[in-house]
1. Of everything in the range 127-168 that's within 13 Å of the chain's Cα centre (by Cα) and assigned to a helix (DSSP H, G or I), which residue is nearest to V261 (Cα to Cα)?
2. Taking L432, is it of a type in the set (A, V, I, L, M, F, W, C), open to solvent by 20 Å² or more (accessible area, probe 1.4 Å), under 18 Å from N363 (Cα atoms) and in contact with a helix residue (DSSP H, G or I) (Cβ under 8 Å, 6 or more places away or on another chain)?
3. Just one of the numbered conditions (1) open to solvent by 50 Å² or more (accessible area, probe 1.4 Å); (2) assigned to a loop (DSSP other than H, G, I, E, B); (3) more than 18 Å from G304 (Cβ to Cβ) is not true of K110; which one?
4. Within the group R38, R62, R50, which residue is surrounded by 14 or more Cβ atoms within 10 Å (Cβ to Cβ), modelled with pLDDT of 95 or more and basic (K, R)?
5. Applying the selection to the range 35-51, what residues are among the hydrophobic types (A, V, I, L, M, F, W, C) and over 16 Å from the mean Cα position of the chain (by Cα)?
6. Report, by residue number, each residue of the range 407-437 that is part of a helix (DSSP H, G or I) and either more than 18 Å from F359 (Cβ to Cβ) or of a type outside the set (A, V, I, L, M, F, W, C) (or both).
7. Do any residues in the range 51-65 that are free of Cβ contacts under 8 Å to residues at least 60 places away in the same chain have Cβ atoms under 7 Å from those of residues that are surrounded by fewer than 20 Cβ atoms within 10 Å (Cβ to Cβ) and not in a strand (DSSP E or B), where the two are at least six apart or on different chains, and which pairs are they?
8. Please work out if E72 is open to solvent by 30 Å² or more (accessible area, probe 1.4 Å), in a helix (DSSP H, G or I), more than 27 Å from H281 (Cβ to Cβ) and of a type in the set (D, E).
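The values are calculated or read from the model by the stated rules, or taken from the named source; none is laboratory data. This one's a predicted model, so the numbers in the text were calculated from it and none came from an experiment. Please note: Cβ atoms are built from the backbone with ideal geometry, for glycine as well, and neighbour counts cover all protein chains shown. We work out accessible area using only protein heavy atoms, side chains counted, and drop any ligands, DNA or RNA first. Shrake-Rupley method; radii C 1.70, N 1.55, O 1.52, S 1.80 Å.
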Amino acid sequence: MNVNTEKKTEYVFKAPRGTEDILPEKWALWRKLEKVGRQEFELCGYYEIRTPIFEDTRLFVRSIGEATDIVEKEMYTFADSEDSSITLRPESTAPVMRAYLEYELHKTKKFQKFYYIGPQFRKERPQAGRLRQFHQMGIEAVGALDPLLDVETISIAARIFDRIDLKGYKVKINSIGCEKCRPVFRNILKEKLCEHEKALCELCQSRLNRNVFRILDCKNEKCKAVSHHMPSINDYLCVECQVHAKSVREALLEIGIPYIVDAHLVRGLDYYTKTVYEITHSSLGARDAICAGGRYDNLISDIGGPSIGSVGFAIGMEATILALKNVMSKNKSVSQEISIPSPSIYIVSIGEETRKQCFYLLNLLRKSNLSADFDYEGRSPKAQMRTANKLGVKYVIVLGTDELARGDVKIKTMETSEEISIKQNDVLKWFLNKQSPSVSL
């Protein structure tokens, strides 16, 4: 009896905790999400902006809020010099607003639209769909107070999820008031919550004096039970906020986006005003948000700029892809539509002397935007054909010593097994005449 005594290699280095490698076979859904996102953003007049992955720590302290969980516990902060520190960005709204002010974009054109796609960093407890290095795609519409702009951002997110076939998401909205009406509600809420302080979790007890609104968003079951009996901010909104909230809800219905008013929906960042919203998916469990956003009319003035109304959202890409995989697992027809990109033409070389000509044909095809590949491992023709089958290519070009001597090649159509012989000088013309979208890139 043969016993396999080979030991599995134990590698010393692994990806840091809370990070993951996106291997080639995982890229299909990422590519789909990014492509749809860019298309929707640009369709609606948003322009890409890229900011550094680290910023002056003071930017996040001032914008997000010193008493928030992100600033207190989740930021990756490093000394930059004796007098300053830098922080890996935990979110991208503040950096985009910093760039808007630094380059004085408000002086050239007050109303502008931006979108971004990239990594963020938070020192959270890693779990499915929630990592320490995670990715977001989002938009920022800067320079207008119109409630219809709030609705535009929600509709863009909804269309992205519709286009990637993410079934079962829900839009939840709320208003958290403004600097006029929110302080009144904050005092009332704090007074009511203090009556139930012992029933709150330890974290929420500390939030009573720091960020009382975050208690309403706690996932602890005891805290949720307490919050259920708390008054709603909707009963304390000023007239301006009431009108704004009503306009948002009416416009959502008019364009056919169903929503749920969640009186306990708040955002964990201090800069939000009026409209806040989340798009959730139940397959993710308690932490079910795949998109979150809202209005932040005071953010730019808080970081030293003029008073300019703004609204935007961020889509969590890992969470969205996880939700999409959950949907796909129940719907095989959807998963069949997602495939790893592969070449449409594969060149099989028979004999060492044919390889240079195969490589010449390969590059000739690629220069005309035809996706093609060939064997670099010196394998047998049968092994090369197996690779072509595995890749699912549409055509195989076969070049052996006899074909090389005659100056022709064989082209096999894989779906029908039909083979033809044509001159090597006519290969490019033959494929271009096919005018097949599945071949052209």
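1. Applying the filter and picking the extreme gives A157.
2. Values: of a type in the set (A, V, I, L, M, F, W, C): yes; open to solvent by 20 Å² or more (accessible area, probe 1.4 Å): yes; under 18 Å from N363 (Cα atoms): yes; in contact with a helix residue (DSSP H, G or I) (Cβ under 8 Å, 6 or more places away or on another chain): no.
Here the answer is no, as L432 does not meet what is asked.
3. (3)
4. Values: R62 fails: modelled with pLDDT of 95 or more; R50 fails: surrounded by 14 or more Cβ atoms within 10 Å (Cβ to Cβ).
That would be R38, the only listed residue that is surrounded by 14 or more Cβ atoms within 10 Å (Cβ to Cβ), modelled with pLDDT of 95 or more and basic (K, R).
5. Just the residues of the range 35-51 that are among the hydrophobic types (A, V, I, L, M, F, W, C), to begin with: 36, 41, 43-44, 49.
Listed by number, the residues that qualify are L43, C44.
6. Here is the first cut: in the range 407-437, the ones part of a helix (DSSP H, G or I) are 424-434.
Listed by number, the residues that qualify are Q424, N425, D426, K429, W430, L432, N433, K434.
7. Matching pairs, first to second residue: D56/S84.
8. Working: open to solvent by 30 Å² or more (accessible area, probe 1.4 Å): yes; in a helix (DSSP H, G or I): yes; more than 27 Å from H281 (Cβ to Cβ): yes; of a type in the set (D, E): yes.
Yes.
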